[in-house]
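Engineer: Here's a structure for you.
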Amino acid sequence: MAVDTTYIWGTGRRKSAVARVRIKPGTGAFKVNAREFAEYFPRIDHQTEAVSPLRDTDAVKRFDVFVNVDGGGKSGQAGAVRMGLARALCKVDE
């Protein structure tokens, strides 16, 4: 059986933050800059904002998410992750 390692990309920007988001079918793993999601975004409001596209589409446990984010503060980065994630999900199913 072949393993699908194809990623779907989305780029998000907010203020001076830029997030490059990759998603692939999986079990719900979420890494930001090679760190665990809750470790990188310890505040609940940032976590809620960043994963809102997954929650809105009931896809929290359907995709593994890998993010590289740079620039700005944590609030801007969470918004950039949200936008990049939403764009990647749109490529999966408009």
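The values are calculated or read from the model by the stated rules, or taken from the named source; none is laboratory data. Predicted model, so just to flag it, every value in this text is computed and none were measured. Cβ atoms come from the backbone with ideal geometry, glycine included; neighbour counts cover every protein chain shown. Areas reflect the complete protein model, heavy atoms only, side chains present, ligands, DNA and RNA absent. Shrake-Rupley method; radii C 1.70, N 1.55, O 1.52, S 1.80 Å.
Engineer: Positive end of the charge dipole of the stretch 12-94 (Lys, Arg +1 and Asp, Glu -1 on Cβ, about the Cα centre): tell me which of Y40, V51, G12 has its Cα farthest that way.
Structural biologist: G12
Engineer: Further question: Taking the Cα atoms only, what angle lies between the long axis of helix 74-92 and the longest principal axis of the chain, rounded to 10 degrees?
Structural biologist: 20 degrees
Engineer: Right, next: Please list 3J(HN,Hα) in residue order for the stretch 17-30, calculated via the Karplus relation 6.51 cos²θ - 1.76 cosθ + 1.60 where θ = phi - 60°; whole Hz, with x for glycine and proline.
Structural biologist: Each residue of the stretch 17-30 in turn: 8, 10, 10, 9, 10, 10, 10, 8, x, x, 10, x, 5, 9 Hz.
Engineer: Next question. If ligands, DNA and RNA are left out, what is the accessible area of R43 with a 1.4 Å probe, given in Å² to the nearest 10?
Structural biologist: Counting only protein heavy atoms, the figure is 130 Å².
Engineer: Take the Cα pairs of the chain, get the Kirkwood Rh, then feed it into Stokes-Einstein at 10 °C and 1.306 mPa s and tell me D in µm²/s.
Structural biologist: For the chosen part, D equals 123 µm²/s.
Engineer: Based on the mean of other beta carbon atoms within 10 Å per residue, what is the order of 22-28, 86-92, most packed first?
Structural biologist: 86-92, 22-28
Engineer: What is the antiparallel percent of DSSP beta bridges lying wholly in the chain, to the nearest 5?
Structural biologist: 85 percent
Engineer: Quick one: net charge of R87's neighbours, Cβ under 13 Å, K/R +1, D/E -1?
Structural biologist: +4
Engineer: Here's another thing I want to ask about it. Going from most exposed to least, what order do Y40, Y7 have by accessible area with a 1.4 Å probe?
Structural biologist: Y7, Y40
Engineer: Can you give the relative contact order of the chain as a percent, counting alpha carbon pairs under 8 Å and 6+ residues apart?
Structural biologist: 44 percent
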